[in-house]
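None of the figures in this text is laboratory data; all of them are computed from the coordinates on show. As the structure is a prediction and not an experimental result, all values here were calculated from the model. Reconstructed Cβ throughout: ideal geometry from the backbone, glycine too, with neighbour counts over all protein chains shown.
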Amino acid sequence: MVRRLPRRAAAPAVTVLRIGHRAGRDPRLTTHLGLAARALGAERMLLHPPDDALAARLAAIGHRWGGTFAVEGVADWRSAVRAHAGAVVHLTMYGLPLDRQLPRLRRHPRLLVVVGGAKVPRDLYALADYNVAVGSQPHSEVAALAVLLDRLRGLPPPATWRGGTDAIVPRAHGKLVRRAPEGTR
Ligand code: SAM
């Protein structure tokens, strides 16, 4: 007799909302947040306040390396939180431990993961369905998001990165990049 294993629910689809971005002051940090969100399997990043130059830089990364990750500016982050059709997770060192909250987070088909900048508005704690800590020590939004996405979804499969002009061929030494033939992108 074939024993049926319990089917593991699909990992939740993740949208990241970055609030408190200071265009022109910390473009590198928010760019790294977008890069980590994309590479670790989030579907898109909402950015408050909007920053067209940063969105264009991340779109160029997607054009080269593939996938469908997108960045959208939002003028009013509270409306974006309220409009989200799914659970809202606020990453904060003051929240409940990630390991404890993971089983609950995994039950949702869609998550909006909110990360802050230098100062986080107080009402976000009440707007969120979950306030989640990746360790109860201060560190960085990039680190917190990376750990959450890894625990929640693991690394995306290689097929995620279809459609780019370039693909990395993993090597023990040196660098090898394969260029996609014209017409296959
Ligand atoms: N001092 C800010 C505040 O008012 O909470 C936090 C600033 S921290 C540099 C920027 C962001 O990193 C936070 O808003 C949070 O999203 C994330 N973060 C930092 N440490 C974290 C932790 N231990 N767990 C979860 N998220 C964390």
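Rounded to the nearest Å, what's the spacing between the alpha carbon centres of region 122-166 and region 46-75? Just the number, please. Centre-to-centre distance over Cα atoms comes out at 17 Å. Peptide packing: for 135-148, 34-47, the average count of neighbouring Cβ atoms within 10 Å per residue gives the ranking 34-47, 135-148, highest mean first. Note on Ala167 and Leu102: the model spin-label points, each 7 Å out from Cα along the C-beta direction, lie 3.0 nm apart.
Given 10 °C and 1.306 mPa s, compute D for region 1-108 with the Stokes-Einstein relation, Rh being the Kirkwood radius over Cα pairs; round to the nearest whole µm²/s. In µm²/s, the coefficient is 101.
Each Lys or Arg adds one and each Asp or Glu takes one away; over the other residues whose Cβ falls under 14 Å from the Cβ of Gly86, this sums to +4.
Compactness ratio for the chain: Cα radius of gyration over 2.2 N^0.38 Å (N = residue count) comes to 1.10.
Taking 0.36 nm per residue of separation and subtracting the current Cα-Cα distance, fully stretching the chain between Arg110 and Glu182 would add 22.4 nm. Counting charges near Asp51 (Lys, Arg +1; Asp, Glu -1) among other residues having Cβ under 15 Å from its Cβ returns a value of +3. The protection proxy used here, the mean number of other Cβ atoms lying within 10 Å of each residue, ranks peptides 12-21, 173-182 as follows, highest first: 12-21, 173-182. Packing, as the average of other Cβ atoms within 10 Å across residues, places the peptides 118-125, 93-100 in the order 93-100, 118-125, highest first. Which net charge results for the neighbourhood of Leu35, defined as the other residues with beta-carbon distances under 15 angstrom from its beta-carbon, given Lys and Arg at +1 and Asp and Glu at -1? Local net charge: +1. Projecting the Cα atoms of Val81, His21, Leu91 onto the charge dipole of region 1-129, computed from C-beta unit charges around the Cα centre, puts Leu91 farthest toward the positive end. Note on region 80-140: percent of Cα-Cα distances in each 10 Å bin, starting at 0 and stopping at the bin with the largest distance, equals 23, 56, 21, 0.
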